[in-house]
Each structure stands twice: as structure tokens, then as C-alpha cells.
Amino acid sequence: MREQPLWRPSLEQVAITNMTRFANDASSRWRRSFDDYAGLHQWSVEAPEEFWTSIWEWTGVIGTGSIDPVVLNAGQMPGARWFPEVRLNFSRNLLRRQDSAPALIFQAEDKVTRSLSHAELYRQVAGLADALQQAGIVPGDRVCGFMPNMPETVVAMLASAAIGAVWSSCSPDFGVQGVLDRFGQISPRVLFSADGYWYNGKAHNSLEKLREIEKGLPSLEHTVVVPLVSSDPDLSGNPGAERITNFMTDATQIDFVDLPFDHPLYVMYSSGTTGVPKCIVHGAGGSLLKHLKEQQLHVDLHSDDRLFYFTTCGWMMWNWLVSGLASGATVVLYDGSPFFPDGNVVFDLVARERIDVFGTSAKYIDAIAKAGLRPGDTHDLSRVRTILSTGSPLIAESFDYIYDAVSKTTCLSSISGGTDIMGCFIGGNPNLPVWRGEIQGPILGMQIEVRDDDGSVLPDEEKGELVCANAFPSMPIGFWNDPDDAKYKAAYFGKFPGVWCHGDYISITEHKGIIVHGRSDAVLNPGGVRIGTAEIYRQAERVEQVLESLVIGQQWEGDVRIVLFVRLREGEMLDEALRQNICSEIRKHTTPRHVPAKVIQVAD
């Protein structure tokens with residue numbers, strides 16, 4: 001029997017998606033004909049001036065100045081300059097809606113739920129932006145958050161961006177040194193911190209860490225504390241800190257500062273194998289356009305939707321999530337463990353708040369599957385139109401699980417990109433079918449190719465490097481403290497000059513979908529055969545006793561041998577029978593070359 005997709009949109013559904021409406025608008029605007037998504041995508045990479053003009057106009061970006069020229073030096077990577085005559089403010093675009101509908105809905109692990117309307121969010125941002133200006137913060141200054149995923153974090157980010165400051169955040173579960181390794185490089189003048197956070201049923205105090213962080217940041221002038229675990233936190237041990245209610249003013253209007261399209265908005269972090277994390281600087285305009293395009297077209301987000309991504313402030317999906325405000329959507333925030341008091345807590349929130357678009361990690365989906373949860377049977381998930389998954393490749397069995405145990409009617413969109421570009425290279429599409437184990441296709445405006453080590457483009461079905469061969473607005477402005485862009489160029493353009501090499505090992509399928517086989521810098525090479533690590537993870541974690549796995553290539557007797565580390569369910573031990581079962585599963589579904597020479601049990 002011929003293979004069938006797990007989900008396919010009806011003709012009626014396709015007719016009313018934002019993707020279809022955008023394609024029709026662009027066809028009329030530029031007198032183009034798009035027979036299918038492939039044609040639309042081809043136009044988006046071959047005619048960047050037309051495409052990005054349409055994205056700007058269709059999503060209603062608020063800015064001043066001419067959008068012509070769209071791009072200078074379009075053929076240079078890096079070196080292209082987007083919308084050089086434009087000035088805008090990121091926060092103005094996210095705060096365009098000011099009515100009584102909910103802008104933010106928040107739940108912490110302690111079950112306390114609260115919400116802010118669009119009007120209330122605007123007023124809170126006004127008071128905090130005014131306070132930052134009165135504190136002397138000017139465009140380009142850094143404001144940081146050591147914060148849980150809560151409304152005040154969103155308010156602080158929007159207030160910073162409103163006056164042109166640069167925002168950077170870490171989640172409060174970071175250790176002191178991890179925070180200093182990041183914030184210490186960018187010399188913030190203001191630091192926001194909650195008094196603590198909830199996780200696994202316990203309140204964790206952040207104020208002791210905060211004292212050490214303050215000592216390690218000599219540039220710091222103001223520390224602002226937000227109550228979460230206590231309504232009246234004791235700041236006697238933090239003499240330099242003040243409560244957010246004392247810091248804010250009663251201003252009700254925001255004096256937005258319009259700045260160049262590529263004015264710095266965020267500093268994000270990407271860990272390497274050595275040294276402190278790379279500080280990646282992203283611009284306001286590029287981040288805004290990237291998120292509007294992905295959310296409105298590829299996720300089909302509407303102004304009456306509720307968007308929830310399970311994330312922390314230390315992951316770029318938090319920044320992506322908050323941008324849902326630019327589409328007028330309600331953004332839902334959760335902070336805490338996804339498994340306390342049990343594995344239903346996330347879906348309790350999804351059902352109660354009637355979420356339209358729900359995002360999470362591939363590891364979470366795998367974990368609830370192994371826990372035997374069937375949220376589609378126990379919760380009303382009829383409103384969930386799209387489920388997003390990222391963080392690591394979503395295995396084929398997780399696709400089966402979603403459509404069996406969660407929802408048969410949702411568009412399951414596995415997405416892949418990174419902090420490096422503030423979004424995706426490849427991802428979902430409401431107009432295309434979902435095939436088992438496959439990402440639906442390339443994102444508009446991204447010329448995705450698969451190349452071998454010599455830089456030659458590979459045909460479909462062959463595995464190679466994920467490359468983006470065209471410039472795009474959300475490329476980083478650069479790295480912090482990298483004045484000649486040497487580190488930036490080495491990170492993405494060192495292997496194939498003139499094109500972005502992302503470090504993912506992928507293949508394009510017969511359906512024009514995409515499979516991510518793992519990181520190319522983690523590709524194993526036993527006996528000269530290139531093996532993606534995700535291929536091994538996918539099979540090892542099919543074994544019931546295996547919760548998580550990690551694979552490495554070890555130099556051994558003149559070759560490379562594969563060593564697999566496994567974390568097992570509580571009470572399980574790795575005996576010879578289980579080891580053989582794991583190896584047999586890997587051999588059965590891959591090749592003998594994939595079978596590890598050693599399997600080793602580890603704790604957390």
C-alpha cells in the first residue's frame with residue numbers, strides 16, 4: 001500500500017490560510033503566478049526585493065522612511081544591508097494593539113494565574129520605559145534579565161526596546177558563573193531579577209545568586225527585583241537592589257525611539273566547545289520581519305489566536321514567542337516543571353486556556369510518550385490547530401504518537417533553525433501535508449541546499465550540510481567584541497565562503513520534506529562512513545527502558561568507534577540482555593555501522 005501522509009489540509013482549509021492569502025496578494029502585486037508552494041518559495045529567494053517588500057506591507061510593519069532600497073549588496077554573505085532608509089521601533093510594533101483583550105496570560109508552577117490586557121501591558125511598559133530613561137539609559141545600553149518566564153520579563157524587554165536599549169536574558173536556573181560568562185561580556189547597566197522561581201514543587205531563592213552576580217558585574221548601576229515566590233521579598237541582603245514597584249514611574253505614554261532597521265535589539269548566546277559563549281547580536285528590524293513571516297505565514301497565526309510555547313528566558317523560543325504580540329495574538333507564559341505535579345500540567349494549561357498554537361521541544365514529546373500519557377483522551381484539545389516542535393530532531397515515532405495520542409487534526413510542524421538566525425531555516429506549512437519523520441519544507445526567503453564537504457549541491461535523498469545560499473534580514477549584526485567580524489565569519493562562512501553553513505546534517509526527501517540527521521560537527525565517521533547522531537538516538541530511545549542517550553565518536557586503534565551513553569528509567573540496570581536489545585534495535589533500523597562498540601549507563 002502506498003505511503004500516506006499523517007495529516008493533509010483540506011482544500012477549504014488551504015483556501016483561508018494566511019499563506020494562501022499572502023500568495024494571492026503577492027501574485028497580484030507583482031504579476032506573478034504561483035502554482036504551488038515550491039513556486040512561491042522559488043520567487044521568495046530569486047526576487048528578494050519583491051518578497052521582502054511584500055512581507056513588510058502584508059504584515060503591516062510600522063516604520064518611517066522609504067523601504068526602497070530593500071537591500072544593498074544582496075549578493076554578499078555577510079555584508080548585505082536591509083532597509084537602510086527605514087527607521088522603526090520594535091516595541092511599537094508589538095504594542096500596536098491597546099484594547100482590553102488579553103495580551104499575556106501567565107501561570108507559574110504554584111498554579112497562580114494572572115493576565116494583562118493589551119492596554120495594561122502598554123501602561124506597564126510605559127512606566128518602566130520612563131524609569132529606564134530617568135535612570136539615564138540611552139540607545140545601545142544593555143539591560144539584562146535574570147528572570148523566570150513571567151509578564152514582568154516581557155514588560156522589561158519591551159521597555160528596554162522602546163527606548164533603544166539592548167536586551168539580554170538568562171533563566172534563573174543558571175548558575176552564577178554561567179550568568180557572568182554571558183552578561184559579563186556585554187557590561188549591562190540595569191539588571192532585572194525575580195526574587196526566586198518555582199520548580200518541582202519547591203520555591204528556589206534567587207537573591208543569594210543575585211548578590212554574587214552583582215559583584216561580578218562592575219558596570220551595573222541598577223538592580224530591580226520582581227516578586228514571584230514572595231509578595232514582599234526581603235532585600236536586606238541585597239542593599240543595591242530595589243523593588244520594581246519603586247523603580248517604575250506612573251507614566252502612561254511611551255516615547256518610542258525610532259532607530260535604524262539594524263539597530264541592536266537582542267544579545268543571544270551560543271555555547272561552543274571551548275571558552276565562554278558567543279554573544280550574537282541581532283537587529284530589531286530583522287528579528288521583527290523574521291518572526292512576523294514565520295508566525296503569520298508558516299504557523300498561520302491570527303490576532304484572535306492564543307500562542308503558547310513551553311520555554312524559558314534562556315532559549316530563543318522565548319524571544320520568538322513574545323513576538324506573537326506583533327500579530328495581536330494572546331501570548332501564554334508558563335514557568336515551572338512540565339512534570340509537576342504530574343505530566344498533565346502543560347496540557348491542563350493548553351486545554352483550559354484554549355490554545356490555538358502550542359510549541360514545545362522534541363524531548364518533551366518523547367518524554368510524555370514514554371510516560372504513557374494520552375492527552376487527547378483526557379483533555380479537550382480541539383482548539384489546537386498547530387503543534388510546534390524544536391530543540392532537536394523530532395523522531396518518526398513521535399509523529400506517530402502525536403497523531404495517535406494527542407490530536408488527529410493538528411498540523412504537526414517540526415521546525416529547525418537556531419539562536420543564530422532568530423528563527424528557522426526549515427519548518428511548518430499549513431498548506432502542505434505532514435509526512436512521518438519529516439519537516440515540511442524550507443521557510444520562505446531561505447535558499448536551502450544540501451552540500452557535500454567539497455561544497456557541491458547534493459541531489460535529493462543524499463545526506464549533507466544544511467546551507468543557506470542567500471542573504472536574509474535576520475542574519476546577526478555580528479558578534480559582541482568582534483570588531484572585524486573574524487569570529488562571526490569563521491562561525492558560519494568558514495567552510496563554504498559566501499554561503500551560510502549552519503552545521504546541521506540533513507537530507508531532502510522524495511516529498512521535498514527535510515530530515516535532520518543531527519549536527520554535522522557531531523557526525524560520526526567509523527570506517528569512513530558518515531553517520532548522523534540523530535539516527536542512533538532515534539533507535540536507542542525506541543527501547544522502553546531508555547529515557548535519554550548521548551553518542552560520541554572515540555578515536556580507537558586508528559579508527560573511530562561509537563560509544564553510546566544511556567540514562568535508564570528508575571530501577572533499571574544495563575545488563576547484557578538490555579545492551580543487546582539496544583544494539584539489535586539500532587542494527588535493525590539502520591546499518592551494522594551504526595551499532596555502538598560500547599554502551600554505558602550513566603545517571604542524570
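The figures follow:
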read-out	value
Three principal axis lengths of region 118-260 [C-alpha, angstrom, descending]	40, 31, 26
Region 503-604: relative contact order in percent, alpha carbon pairs under 8 Å with at least 6 residues between	22 percent
Rounded to whole Å, sorted largest first: equivalent-ellipsoid semi-axes of region 92-145, Cα gyration tensor	25, 16, 9
Relative contact order (percent, whole number), the chain, Cα cutoff 8 Å, 6+ residue spacing	12 percent
Hz values of 3J(HN,Hα) by residue in region 251-266 - Karplus curve (6.51, -1.76, 1.60), Gly and Pro given as x	4, 10, 10, 9, 8, 4, 9, 7, 9, x, 3, 9, 4, x, 10, 10
Calculated P(r) tail over 27 Å for region 304-442, as whole % of Cα pairs	12 percent
Other-chain or far-sequence residues with amide H under 5 Å of Leu301's (modelled H)	Gln296
Calculated over region 524-601: convex hull of Cα atoms, volume per residue (Å³)	76 Å³
DSSP-defined antiparallel bridges as percent of all bridges, region 331-427, nearest 5	25 percent
Dimensions (Å) - the chain, Cα atoms, principal axes, largest first	67, 62, 52
Beta bridges by DSSP in the chain, antiparallel share as percent, to the nearest 5	55 percent
Sequence of Glu544, Glu570, Glu3 once ranked by neighbouring C-beta atoms within 10 Å, starting from the fewest	Glu570, Glu3, Glu544
Cα gyration tensor shape for region 389-497, rounded if a/c is under 1.5, else prolate or oblate	prolate
Signed unit charges on C-beta, dipole axis of the chain, positive-most listed residue Phe192, Ala161, Gly558	Gly558
From phi via Karplus (6.51, -1.76, 1.60), per-residue ³J(HN,Hα) for region 10-20 in Hz, x at Gly/Pro	6, 4, 5, 5, 4, 4, 10, 6, 4, 4, 5
Cβ-Cβ FRET estimate between Ser100 and Lys408, R0 fixed at 45 Å, reported to 0.05	0.80
Check: the chain dipole with +1 on Lys, Arg Cβ and -1 on Asp, Glu Cβ, in debye	220 debye
Cross-link pairs beyond the 19 Å C-alpha cut-off, checked among Lys370/Lys588; Lys278/Lys487; Lys463/Lys495; Lys278/Lys489	Lys370/Lys588
Ratio of Rg to Rh over region 3-69 (Cα coordinates, Kirkwood Rh, two decimals)	1.06
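Laboratory data are not the source of any read-out in this text; all were calculated from the coordinates shown. All of these numbers come straight from a predicted model, not from anything done at the bench. Cβ coordinates were reconstructed from backbone atoms using ideal geometry, including for glycine residues, and neighbour counts include every protein chain displayed.
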